[in-house]
Amino acid sequence: MKNDGEELFVKVGRGAVAYFGKQPVEGVVKEVETLEDIVALTEGEVHGKVLLVKKAGVTGLIPILPEIKAIVCTTGGVGSHLAILTREFGIPCIVGVKLDPNISYDGRQVRINVEDGFGEVSLRKED
């Protein structure tokens, strides 16, 4: 997506495609790293968010999966529990994504897309 010739998003990672429907998918990131983060999601606004799952167990995500727009996971593979769940729920999911740990992703606009058979993760450039 271009705006007056300037790219609005910058690629920050890529991983294996666990499931992907229509593309690209854009949304606001909510980082999930602990079980406590998952519990907080069940009590807060998660509708339409793109979850960035780092180390959290996925079983706790089941009650909120229907509300989630997409998932980007830094671990796992296409046969992982999370990948299977996202296919069952029809949620776009990229797994095994390597991201810069020094960047804060929470609250940022993200785009995920499939390119050359891999899931590409891009962040909207900050103004």
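Every number in this text was worked out from the coordinates using simple rules, so none of it is lab data. The structure presented is a predicted model; accordingly, all values stated were derived computationally and were not measured. Backbone-built Cβ (ideal geometry, glycine too); neighbour counts: all protein chains shown.
Numbers below:
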{"quantity": "Residue ranges of strands (runs of 3 or more DSSP E) in region 26-127 with at least 2 members closer than 18 Å to Phe9 by Cα", "calculated": "50-53, 70-73, 109-115, 118-124"}
{"quantity": "Among the candidates Ile62, Ile68, residue that is among the aliphatic types (A, V, I, L, M), out of contact with any Asp or Glu (no Cβ under 8 Å at 6 or more places or on another chain), free of Cβ contacts under 8 Å to residues at least 24 places away in the same chain and closer than 16 Å to Val121 by Cβ", "calculated": "Ile68"}
{"quantity": "Test result for Leu41, of a type in the set (A, V, I, L, M, F, W, C) and either closer than 16 Å to Thr74 by Cα or surrounded by fewer than 13 Cβ atoms within 10 Å (Cβ to Cβ) (or both)", "calculated": "no"}
{"quantity": "Qualifying residue in region 18-30 (condition: under 11 Å from the mean Cα position of the chain (by Cα) and over 20 Å from Gly90 (Cα atoms))", "calculated": "no"}
{"quantity": "Search result, residues across region 68-81 that are in contact with a Pro (Cβ under 8 Å, 6 or more places away or on another chain) and buried (at least 23 other Cβ atoms within 10 Å of the Cβ)", "calculated": "Ala70, Ile71"}
{"quantity": "So Val25, is it free of Cβ contacts under 8 Å to residues at least 60 places away in the same chain and either surrounded by 18 or more Cβ atoms within 10 Å (Cβ to Cβ) or closer than 25 Å to Gly117 by Cα (or both)", "calculated": "no"}
{"quantity": "Test: Val10 is surrounded by fewer than 15 Cβ atoms within 10 Å (Cβ to Cβ) and over 12 Å from the mean Cα position of the chain (by Cα)", "calculated": "yes"}
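This table checks each residue for (1) of a type outside the set (Gly, Ala, Ser); (2) surrounded by fewer than 19 Cβ atoms within 10 Å (Cβ to Cβ); (3) out of contact with any Ser or Thr (no Cβ under 8 Å at 6 or more places or on another chain).
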{"position": "Ile62", "(1), (2), (3)": "yes, yes, yes"}
{"position": "Ala83", "(1), (2), (3)": "no, no, yes"}
{"position": "Thr86", "(1), (2), (3)": "yes, no, yes"}
{"position": "Lys98", "(1), (2), (3)": "yes, yes, no"}
